[in-house]
Ligand code: FAD
């Protein structure tokens with residue numbers, strides 16, 4: 001079923017979450033057992049992130065460096081199949097522009113359609129850590145709006161090498177990312193919203209936001225999005241802070257602010273356990289306020305560790 005249909009039919013705010021494929025060499029069993037408790041809250045869908053290969057440099061005995069690529073978290077498609085079978089939830093794979101030619105994207109979408117995936121979250125992806133600028137594959141997409149257009153094209157039976165619309169029509173519901181605190185490359189929020197609208201005009205049917213810790217930023221974002229004529233559902237992404245390290249890592253990595261009131265509490269914390277308690281309490285308050293405001297669905301970034309999200313959901317759903 002499509003995410004837009006789940007939202008349209010829901011009588012209350014839905015619960016959903018995102019998982020990461022395990023690091024290469026780790027088992028899927030641990031991941032599945034880890035997220036099993038969250039099924040108590042009936043998530044209609046679970047997102048599975050996609051990770052590009054990272055480049056590392058291998059030093060040869062002669063001193064020369066060789067650039068080699070490695071994929072640390074493979075398995076997005078396989079995990080989607082596994083969790084759909086095991087938990088009877090819709091799996092939403094993330095699909096990137098980066099690292100894919102259009103042909104590879106087309107083939108990936110055929111695989112996803114064949115295993116029964118009906119929803120995908122279309123994203124550009126970031127530059128690999130060893131590079132400082134996003135560069136598409138030759139014949140890949142530069143912006144997500146073009147990836148959305150390709151997916152929607154297949155929904156109309158358009159394939160890359162077909163002259164006419166004669167191909168099998170897929171039926172993907174496409175989501176895209178939105179940034180309440182703006183995407184880090186965008187010079188202004190207005191500029192970013194203009195390009196968010198292009199993704200929706202290309203056929204995206206819902207938006208999932210980057211994590212935020214100040215609900216006012218989300219409410220302001222929703223208002224601005226509506227003001228420019230975007231009407232699709234906007235699903236807020238929430239992340240409980242759980243470690244001391246995340247207090248500096250999250251703002252640095254995701255280009256967001258931690259509100260003063262949250263920082264006042266976090267600064268009193270001496271251990272990860274203290275931080276986790278504060279993070280859970282904060283996310284509970286955020287969740288309650290978002291539900292009271294009639295938000296269609298709350299989407300939790302679990303990083304595949306379900307404990308904090310379980311405590312929040314138990315309190316809120
Ligand atoms: P785009 O919408 O293409 O926008 C990228 C930038 O280009 C923005 O600054 C935008 O304003 C600008 N822009 C867009 N169109 C134009 C144009 N025509 N001209 C000029 N500028 C333009 N990354 C992963 O690698 N794997 C994941 O699984 C993953 N999951 C994510 C899930 C969510 C909910 C979110 C919010 C992010 C996720 N990301 C993931 C990170 C994402 O890939 C990065 O944030 C990436 O830098 C931007 O992706 P996008 O789809 O928003 O890009």
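Each residue in segment 128-140 was checked for being more than 8 Å from the ligand (Cβ to nearest atom) and surrounded by 13 or more Cβ atoms within 10 Å (Cβ to Cβ), and 4 pass. Of the candidates 85, 62, 107, the single residue that is closer than 17 Å to residue 31 by Cα and exposed (fewer than 15 other Cβ atoms within 10 Å of the Cβ) is 85. The set of residues in segment 149-187 being at negative phi and within 9 Å of the ligand (Cβ to nearest atom) consists of 175, 176, 177, 178, 179, 183, 184, 185, 186, 187. Taking each residue of segment 64-93 that is more than 19 Å from residue 303 (Cβ to Cβ) and looking for partners that are exposed (fewer than 13 other Cβ atoms within 10 Å of the Cβ) and at pLDDT 95 or above with beta-carbon atoms closer than 8 Å, six or more apart or interchain, yields 81/116; 84/116; 90/1.
Look at residue 79 and say whether it is under 17 Å from the mean Cα position of the chain (by Cα), modelled with pLDDT of 95 or more and either away from the ligand (no atom under 16 Å from the Cβ) or part of a helix (DSSP H, G or I) (or both). So residue 79 fits the description; yes.
Conditions tested, residue by residue: (1) under 26 Å from residue 197 (Cβ atoms); (2) in a helix (DSSP H, G or I); (3) modelled with pLDDT of 95 or more.
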residue	(1), (2), (3)
142	yes, no, yes
154	yes, yes, yes
158	yes, no, no
171	yes, no, yes
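Here residue 247 does not qualify as in contact (Cβ under 8 Å) with a residue 40 or more places away in the chain, away from the ligand (no atom under 16 Å from the Cβ) and assigned to a helix (DSSP H, G or I).
The values are calculated or read from the model by the stated rules, or taken from the named source; none is laboratory data. This is a predicted model, so every value here is computed, not measured. Cβ coordinates were reconstructed from backbone atoms using ideal geometry, including for glycine residues, and neighbour counts include every protein chain displayed.
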